[in-house]
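Note sheet for the following structure.
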Amino acid sequence: MNSIRNIYCVGRNYALHAKELNNEVPASPFLFAKPTHALVEANGQEVVLPGDRGPVHFEAELVIRIGKPYEKGIKVDDLIDSMAIGIDFTLRDVQSELKKKAYPWLLAKGFPNSAALSKFIAFPGVEECKKVNFALVKNGEQVQSGNIKDLIFDLQTIVDFSAVHLGLGEGDVIFTGTPEGVGPVSDGDHMSLYWGEQVLGDFTSKLS
Ligand code: ZN
């Protein structure tokens, strides 16, 4: 995890998830960022999450890591070196209040451990990625499943847009959006992050 620099996230990038939260599907990529203190590796341990600020929702997402400096015209298959499955943890009530005030989402999305990541695996390329679903299993039950073929803004669009507006370089990671099925985490929930049949990471939540 030492080699991670910026953490960008894409909001509302799957139509069914935008719908479940009564949000419009955006006309251009909708980005936000997390501090590096948000990073936590899902390697079987306990992950502490805030238990005093309303529900903490899980959002399972495919996460890409940029492997080299961005240059205009570069293809994602050349730019991305690895991928992981992550959870963009969200304080949902806090986010609703921030939305009402038209404030940034930082306090709802940027708390410590809000960016959980499985181990990284080599990026197999966009077309290979579309053949495999990612999933989140909570206490033995699958709660979310997604495939990047359903992205509203595809990986190329996301990296090009990020590069133009925020800058993009080696070590940056992008949470590419969550499919439908988000929901609250309870104390002691066991979460497993799947890539196809393979578990890339797991942890137990600790609300405090
Ligand atoms: Zn998200």
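The values are calculated or read from the model by the stated rules, or taken from the named source; none is laboratory data. Just so you know, these numbers come straight off a predicted model, no measurement behind them. Cβ sites come from the backbone with ideal geometry, for glycine too, and all protein chains shown count toward neighbours. SASA here: full protein model, heavy atoms, side chains in, ligands and nucleic acids out. Shrake-Rupley method; radii C 1.70, N 1.55, O 1.52, S 1.80 Å.
Some observations on this one:
- Any chance residue 171 is under 13 Å from residue 10 (Cα atoms) and either open to solvent by less than 60 Å² (accessible area, probe 1.4 Å) or at pLDDT 95 or above (or both): no
One line per residue, one yes/no per condition, for (1) of a type outside the set (Gly, Ala, Ser); (2) more than 16 Å from the ligand (Cβ to nearest atom); (3) modelled with pLDDT under 95:
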{"residue": "107", "(1), (2), (3)": "yes, no, no"}
{"residue": "118", "(1), (2), (3)": "no, no, no"}
{"residue": "143", "(1), (2), (3)": "yes, no, no"}
{"residue": "155", "(1), (2), (3)": "yes, no, no"}
{"residue": "189", "(1), (2), (3)": "yes, yes, no"}
{"residue": "196", "(1), (2), (3)": "no, yes, no"}
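- Residue match in the range 25-44 (condition: touching a His at 6+ places or on another chain (Cβ under 8 Å) and of a type outside the set (Asp, Glu)): yes
- Of the listed requirements (1) of a type in the set (D, E, K, R); (2) in contact with a strand residue (DSSP E or B) (Cβ under 9 Å, 6 or more places away or on another chain); (3) closer than 18 Å to residue 144 by Cα, residue 81 misses just one: (3).
- Any pair with Cβ under 8 angstrom, 6 or more apart, that starts in the range 63-75 at a residue that is within 17 Å of residue 165 (Cβ to Cβ) and ends at one that is open to solvent by 90 Å² or more (accessible area, probe 1.4 Å): 66/170; 69/170
- Residues that are within 16 Å of the ligand (Cβ to nearest atom) and touching a Lys or Arg at 6+ places or on another chain (Cβ under 6 Å) number at least 1 in the following strands (runs of 3 or more DSSP E) confined to the range 6-87: 7-11, 30-34, 56-58.
- Listed conditions (1) among the polar types (S, T, N, Q); (2) at pLDDT 95 or above; (3) more than 16 Å from the ligand (Cβ to nearest atom) are all met by residue 208, apart from (2).
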